[in-house]
Amino acid sequence: MNPAPDALAALRDIHLPAPVPFWPPAPGWWVVAALALLAGLGLALWLRARRRSPRRAARQELDALARTFAEGRDVASLAQDLSALLRRVALARFPREEVAALHGARWLEFLERSGRGGFPRDVAEALEAALYRRAQPDASEARGREQAERWLGAVRRWIGAAA
């Protein structure tokens with residue numbers, strides 16, 4: 001078996017395949033792009049909802065009330081503002097039919113049972129009593145500030161649990 005001398009001339013050179021084109025991508029990349037787009041959209045919607053949440057707005061308002069009280073406002077006006085804030089948060093979080101008509105003992109019971117930790121009964125009673133007094137709830141300023149701090153802490157915990 002002698003090869004023919006012109007057999008080498010009949011061989012062809014190695015041909016490389018054409019390069020893989022950039023476009024269109026493989027189907028797996030379309031799936032990855034769609035998932036990335038959905039994740040980005042979901043994150044944007046979550047951040048927007050978080051920024052507009054009633055809990056966040058209520059906490060910001062509560063912080064503003066605490067700063068205003070620290071600047072020298074009286075305890076009676078703080079009691080009015082805290083009571084109004086509690087009502088607004090309750091109306092935003094719970095069904096209007098359940099919350100709107102509550103007052104007195106029924107309102108205090110609602111505050112106690114709503115939220116994870118409830119609302120301390122003595123704090124709720126002191127807050128409600130301060131609403132209808134013309135003078136400061138306590139004669140001493142130190143006692144009034146201490147009471148106001150308890151109110152602010154209880155309202156902050158309730159907002160965190162209920163809103």
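Can you put VAL89, VAL123 in order of Cβ neighbours within 10 angstrom, beginning with the fewest? Fewest to most other Cβ atoms nearby, the residues stand as VAL123, VAL89. Using C-alpha pairs under 8 Å with a sequence gap of at least 6, the mean separation divided by the residue count of segment 54-162 gives a relative contact order of 39 percent.
For the chain, set up a GNM with springs between Cα atoms under 10 Å and report which of LEU108, LEU16, LEU65 has the largest fluctuation. Judging by the Gaussian network model, the answer is LEU16.
What percentage of all Cα-Cα pairs in the chain are separated by more than 26 Å? Tail of P(r) above 26 Å: 52 percent of Cα pairs. Qualifying trypsin sites (Lys or Arg not before Pro) in segment 85-122, where qualification requires a DSSP coil assignment and no more than 14 other C-beta atoms within 10 Å, comprise ARG116.
Each peptide in 150-157, 70-77 receives the mean, over its residues, of other Cβ atoms within 10 Å, and ordering these scores from highest gives 150-157, 70-77. Using 0.36 nm per residue and subtracting the Cα-Cα separation, the extra length available between ARG150 and ILE14 on full extension is 40.4 nm.
Laboratory data are not the source of any read-out in this text; all were calculated from the coordinates shown. From a predicted model like this one, the values you see are computed outputs, not experimental measurements. Note: ideal-geometry Cβ built from the backbone for every residue, glycine included; neighbour counts use all protein chains shown.
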